[in-house]
Amino acid sequence: MLLAAARNNSSWCEAMCRANGFSGELSDVAWVNLKKSLTYYPNLVVLSPSMSGSEVLDVLREAPLGPLFVKDSFANADLLPGNYRILIEAEWIHRPAAAAAPAQVASRDGADQRWRPVTGTDELRTWERAWAGGGDTSVTTFPETLLLDDDVIFLGGFSGDSLVAGAVLHLSHGVAGVTNVFGPPGESARTWAGLISCAREEVPGIDLVGYERDAELAAAEANGFAPLGPVRIWQQIAGGR
């Protein structure tokens, strides 16, 4: 299941690259993109625990891009010799399809919240503005072509007519990856309960996977996810090779 989660995540990275007009390269041990950096997305995802830090660095040594980011799916590759630093340490998580439905969590303000798939370009842009916390979205992170990808489902949590929470499901390798989760501050448990309930309707019978840390990890675990193992994201220090 850990390998399925890692490969699902690399497929989501590839889907994002394709939506932005280019593709990465997949091998038995890694997914690699050295063509163009995407904000929040790695240049290499380690997909085999046998891939060493020196092998990762060899792949990236002549990369024209920089600084580079590496997602080590098994948290056992040492990239310090290549002038990288650990940016994020998190945990892969898994929720079996057979697990019980999550308990409903009340909102702090008592407002109802409905979850459903996001449809249409206008609604996707609304989703992205909410995901970005109302910040500048003049540069689109999620191209509308993703709405045409049968393996990608944008989920939105609505309070009245306002989209206040969301997540993305990505289907591959027999699982549904949960990513880009957001919601009202202090209501992570409710957000996870809502998105899980919606996912059970949209992709019934499919296990959910992803990776989280800190409060989001705690909220996911409170809603039936279990840890699979550590994942580590490395960032190349500017100017390093």
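Details
- When the Gaussian network model of the chain links Cα atoms closer than 10 Å, the mean-square fluctuations of 59, 70, 118 top out at 59.
- Whole-number accessible area per residue in Å² for the range 148-241, which is evaluated in the context of all protein chains at 1.4 Å: 39
- Which of 1, 16 is most accessible, then next, and so on - probe 1.4 Å: 1, 16
- By accessible area with a 1.4 Å probe, ligands and nucleic acids excluded, highest first: order of 154, 22: 22, 154
- Annotation: residue 140 carries an accessible surface of approximately 60 Å², with a 1.4 Å probe and no ligand, DNA or RNA atoms counted.
- Carbon and sulfur %, accessible surface of the range 1-109 computed with the full protein complex present, 1.4 Å: 54
- GNM flexibility winner over the chain from 88, 196, 206 (Cα, springs under 10 Å): 88
- Residue 202-residue 35 FRET efficiency (beta carbon distance; Förster radius 35 Å; 0.05 resolution): 0.65
- On the basis of the beta-carbon distance and an R0 of 41 Å, residue 1 and residue 121 show a calculated FRET efficiency of 0.75.
- The residues of the range 1-146 expose, per residue, 50 Å² of accessible area to a 1.4 Å probe.
- For residue 211, the solvent-accessible surface computed with a 1.4 Å probe is close to 60 Å², ligands and nucleic acids excluded.
- For residue 123, solvent-accessible area (1.4 Å; no DNA, RNA or ligand), Å²: 40
- Of 100, 167, 176, the one that fluctuates the most in a GNM where the chain has Cα springs shorter than 10 Å: 100
- Each of residue 86 and residue 28 was given a label point 7 Å from its Cα along the Cα-to-Cβ line. The distance between the two points is 3.0 nm.
- The range 27-78, Cα convex hull volume normalised per residue, Å³: 74
The values are calculated or read from the model by the stated rules, or taken from the named source; none is laboratory data. These numbers were taken from a predicted model, which means no experiment stands behind them. All Cβ positions, even for glycine, are placed from backbone atoms using ideal geometry, and neighbour counts span all protein chains on display. All accessible areas refer to the heavy atoms of the entire protein, side chains included, with ligands and DNA or RNA removed. Shrake-Rupley method; radii C 1.70, N 1.55, O 1.52, S 1.80 Å.
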